Amino acid sequence: MSIYQIQKIFDDVRGLNEMMVTSFLIEGKDKVLLLDTGMDIFNIKKQVLKMNKKKDLVVVNSHFHPDHSNGNNKFDKILIGEKDLPTFTTNDVYFKLVDDISSALYKQYPKTKLLKPVIKKLLITKEGKTEYVPLKDGDKIDLGKKEFIVKDFPGHTPGSITLLNKKEHYIMMGDACNMGTWMWTNPDCNLHDYADTARAYYKDVKRDGYKKMRGSHEPFTHKISFIKDYAAWIDKLTPEKAIFKANMPGAKSQFCIAVSPSIKHGVYTCFYFAHQCEKK
Ligand SMILES: [Zn+2]
Ligand SMILES: [Zn+2]
């Protein structure tokens, strides 16, 4: 099945929308870059071949979450942030979380074992024969007259990376910082540390002249000032500010969702665990 909605994001950047997530196809003079491989509900390889027949393809994962990496096994080689380099064991932060929660869930509610095949298909990225190559902060990816600089933005996952296009002043943000950042998927990350990371990141990209950023679950492009404003909001989050709280089996503390409208940026949302708000 391949019924992607294709959307022009920036010059030579097209979004491939698959349900709730967007992968991106970015065209340079010599090469084409695919940022993320989606959920594998649609066939991303088929779609990419339809859109690019001639140029060499470089495939990058913004981070190792299944909605960005389930199509990886269709490609020979994937570049990924070094701290998200998968081991396909519970040493991977996300796999550990899925394992902790699903095991606790099956124990508490045995009937949920029926969900196992769905969890395996949607939440566990298949290993396949794909080669994984680590990207380091500052690495460059040259597509021919279009170059991206890799910049780490940890928090959402330990190895989340962003791709910076210096010439056209835009940032491909992945899930690192957006209107609804999932922090609960990296339970050891403290929200204040994340806010510090975001402020340092903002300082760098502002100094270097970047203007716009686009995330993987966003309906529109943000100005980079979103990063500092979101960091300030995150810094004030407490479990009490959540509009929704629930006990999650296998989790260290309560799962929380906080939402605040923002005149400047639309809305701020965060999905987090109560313990991630602790001041140190
Ligand atoms: Zn993610
Ligand atoms: Zn995502």
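So, in region 48-65, of the ones that are assigned to a strand (DSSP E or B) and within 16 Å of Leu16 (Cβ to Cβ), which residue ends up nearest to ligand 1 (Cβ to nearest atom)? Selected residue: Asn61. Taking region 146-170 as the region of interest, how many residues are within 16 Å of ligand 1 (Cβ to nearest atom), closer than 17 Å to Arg14 by Cα and more than 11 Å from the chain's Cα centre (by Cα)? Adding up the residues that qualify gives 1.
For region 208-219, filtered to residues that are in contact (Cβ under 8 Å) with a residue 40 or more places away in the chain and part of a loop (DSSP other than H, G, I, E, B), the residue that is most open to solvent (accessible area, probe 1.4 Å) is Lys211.
The number of residues in region 53-64 that are surrounded by fewer than 24 Cβ atoms within 10 Å (Cβ to Cβ) and at pLDDT 95 or above comes to 4.
Selection of region 18-38 for residues being open to solvent by less than 40 Å² (accessible area, probe 1.4 Å) and within 16 Å of ligand 1 (Cβ to nearest atom) yields Glu18, Val21, Thr22, Ser23, Phe24, Leu35, Asp36, Thr37, Gly38.
Given Thr221, Thr185, Thr197, which one is more than 13 Å from ligand 1 (Cβ to nearest atom) and over 18 Å from Leu35 (Cβ atoms)? After applying the criteria, what remains is Thr197.
Cys189 satisfies every condition listed in (1) under 21 Å from Val93 (Cβ atoms); (2) open to solvent by 40 Å² or more (accessible area, probe 1.4 Å); (3) part of a loop (DSSP other than H, G, I, E, B) except (2).
The values are calculated or read from the model by the stated rules, or taken from the named source; none is laboratory data. Every value quoted in this text rests on a predicted model; they were computed, and no experiment measured them. Cβ sites come from the backbone with ideal geometry, for glycine too, and all protein chains shown count toward neighbours. Please note that ligands, DNA and RNA were not included when accessible areas were found on the heavy atoms of the full protein model with its side chains. Shrake-Rupley method; radii C 1.70, N 1.55, O 1.52, S 1.80 Å.
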